[in-house]
Amino acid sequence: MNYFKIASLSLDDFTKNVMIIASSTFFIYGIMYLGIPILSKLYGPDEYGKYTLTFAFVMISSILASAKYDIALLIPEKFEDAIVITQLGMLISIIFSSVVLIILTFLNYINFNFLYKFNYLFDFYTAFLIAIYISLITLNTLLLNWISRKKDFKGLSLGRFIRFFLSLSISIGLGFIYKSFVCLLIGDIIGLLISSIYFYNKCFKPNEFSWKGSYEELKTIAIRFKQFPMFSLPSSFVNKLIVQSPIFLLNHFFTTTHVGNYGMCERLLSTPTSLISEASSNVFRGELSSSASAEHKKEVFFKVLKRLTALSVPIFIFLYLFGGIIIEKMFGPNWELAVVYSKYLIFPLLLQFIFTPLTFILFYFEKQKLEFGIQIFSFLLLGTSIFIYSRFFTTDTALIITLVTNTIIRISLEYFFSHKIISQI
């Protein structure tokens, strides 16, 4: 009897939903693993480095594009309010993307010496793709949060599969014709577009979604959830700037080849670790959004913590021992720096795997000021560390160690306060 009770507990709704997303993500990342060696042969460290830096720029810009109203979408109980939030987020994103296109195009005609390593971003065609990319990320994120609201995790899984499968397939196909980082961007954009269309059709019935929100409705919702652009936006922006800082700093102090090695190494190592972590994060958000019980929220928090901690041990021991060997065998001699970087990146990835899904608590309980304070502290710590590095060190590995240490401190702080908040409800 006790055995069956334990079995039924292990297959509760939360676990089933995690298993649905995780199983589909295994399939997604299995395909990606097969594709990564092909990408490394087609594009090489330099072109992949340009893509990695462009992708980092897009990720940072996308934080500003939605003004963090995508997170607010999970809070209101009324369907109509969520609709208006979606409209507001997309309107801001379209305006912001247009501004980005204008600025990047303008920079193409001005020769700033300190920006010469980033010149490939300012070409009009690349700038146009970046603007489209930013808007589509906002749209996809908003619709993904709609899926989480509805707890349609099968639909979420299939939509993510569509995105990553198309992105990889198109990037590889175009790479045989034209070996440029632009092909990787086009692959990502098409994957996002088709995935967004699928999400939209899953979330809404015909004529259920109206884009006719009045100015007063938009204004009311914007004011009601103003804490998100006021505090979550700068906090998330600084956070994303810190997370993507290795890309820009490696490009600044070294070359796009170093960036490419770092980007490919991170992609390979973070792929399996993101598998269960992302699945738990999506289900965790859905459970918080749909539950009115404080005890249930607390129960889910500690359930996720225990399970991710238990899973992390075999995964990260394997990656630490064999990650470098896998990279060397899959990519070849041109990617030898990625082998070196892999030993250092394991440690922050471990903490991200366990703690990052749980730090959503800071947003859910609207602790934006606290989160912003953590990010400001982390940003100042990063600036101080880079200043010290520039004075006393010259190697790329010393830079990686500096950045890894900062990441560990930041994630630990975020988790500490998330744990404190959930324990007090």
For the chain, built as a Gaussian network whose Cα springs stay under 10 Å, the top-fluctuating residue of P246, P45, P206: P206
10 Å beta-carbon shell around A338, net charge (K/R +1, D/E -1): -2
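What shape does segment 333-425 have by the C-alpha gyration tensor, where a ≥ b ≥ c are the square roots of the eigenvalues, rounded means a/c under 1.5, and otherwise prolate means a/b greater than b/c and oblate the rest?
Working: a/c = 3.65, a/b = 1.75, b/c = 2.08.
Oblate, because a/c is 1.5 or more while a/b does not exceed b/c.
Would you mind finding the longest exposed-site-free stretch of the chain, with exposed chymotrypsin sites (Phe, Trp or Tyr not before Pro) meaning DSSP loop and at most 10 other Cβ atoms within 10 Å? Walk me through the numbers on the way to the answer.
Details: sites that count: Y109, F112, F176, Y178, W211.
Answer - 212-425.
Going through the DSSP H helices of the chain, which span 27 Å or more along their own axis at the Cα atoms while scoring at least 1.0 as a mean Kyte-Doolittle hydropathy?
On the way: long enough: 13-66 (45 Å, 0.81); 79-107 (42 Å, 2.09); 124-150 (39 Å, 1.18); 153-175 (33 Å, 1.13); 181-203 (33 Å, 1.59); 233-253 (28 Å, 0.85); 256-290 (46 Å, -0.15); 294-331 (49 Å, 0.88); 336-355 (30 Å, 1.54); 368-392 (36 Å, 0.92); 396-424 (43 Å, 0.77).
Once both thresholds are applied, what remains is 79-107, 124-150, 153-175, 181-203, 336-355.
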DSSP-loop GluC sites (Glu not before Pro) across segment 27-84, with at most 15 other Cβ within 10 angstrom: E77
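Nearest 500 deg cm²/dmol is fine: what mean residue ellipticity at 222 nm does the chain get from its DSSP H runs of n ≥ 4 alone, each adding -39,500 (n - 2.57), divided by its residue count?
Details: 15 runs with 351 residues, N = 425.
Counting only the DSSP helices, I get -29000 deg cm²/dmol.
Accessible area per residue for segment 52-121 in Å², computed with a 1.4 Å probe and the full protein assembly in place, what is it?
Details: 3170 Å² over 70 residues.
Each residue of segment 52-121 exposes 45 Å² on average to a 1.4 Å probe.
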Of L311, L321, L351, the one that fluctuates the most in a GNM where the chain has Cα springs shorter than 10 Å: L321
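Quick one: net charge of S93's neighbours, Cβ under 15 Å, K/R +1, D/E -1? Show your work: numbers first, answer last.
Numbers: positive: K68; negative: D70.
Its environment carries a net charge of 0.
If you place +1 on the Cβ of every Lys and Arg, -1 on the Cβ of every Asp and Glu, and leave all else neutral, what size is the dipole of the chain about its Cα centre, to the nearest 20 Debye? Intermediate values should be presented prior to the final figure.
Values: 35 positive and 25 negative charges, 104 e Å.
Its charge dipole is roughly 500 debye.
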Gaussian network model of the chain, Cα within-10 Å springs - most flexible of N207, N140, N108: N207
Selection from F393, I38, I63 lying farthest towards where the dipole of the chain points positive, charges on Cβ: I63
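At 1.4 Å probe size, with the rest of the protein present, what percent of the exposed accessible area of the chain is carbon and sulfur atoms?
Numbers: 13250 of 19400 Å².
Solvent-exposed carbon and sulfur of the chain make up 68 percent of the total.
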Local electrostatic count at Y33 - Lys and Arg +1, Asp and Glu -1, tallied over other residues with Cβ under 13 Å: +2
Selection of trypsin sites (Lys or Arg not before Pro), segment 49-100, meeting DSSP coil and at most 14 other Cβ within 10 Å: K78
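The values are calculated or read from the model by the stated rules, or taken from the named source; none is laboratory data. Remember, it's a predicted structure, so these values are computed and weren't measured experimentally. Ideal geometry is used to build each Cβ from the backbone, glycine not excepted, and the neighbour counts take in all protein chains shown. SASA here: full protein model, heavy atoms, side chains in, ligands and nucleic acids out. Shrake-Rupley method; radii C 1.70, N 1.55, O 1.52, S 1.80 Å.
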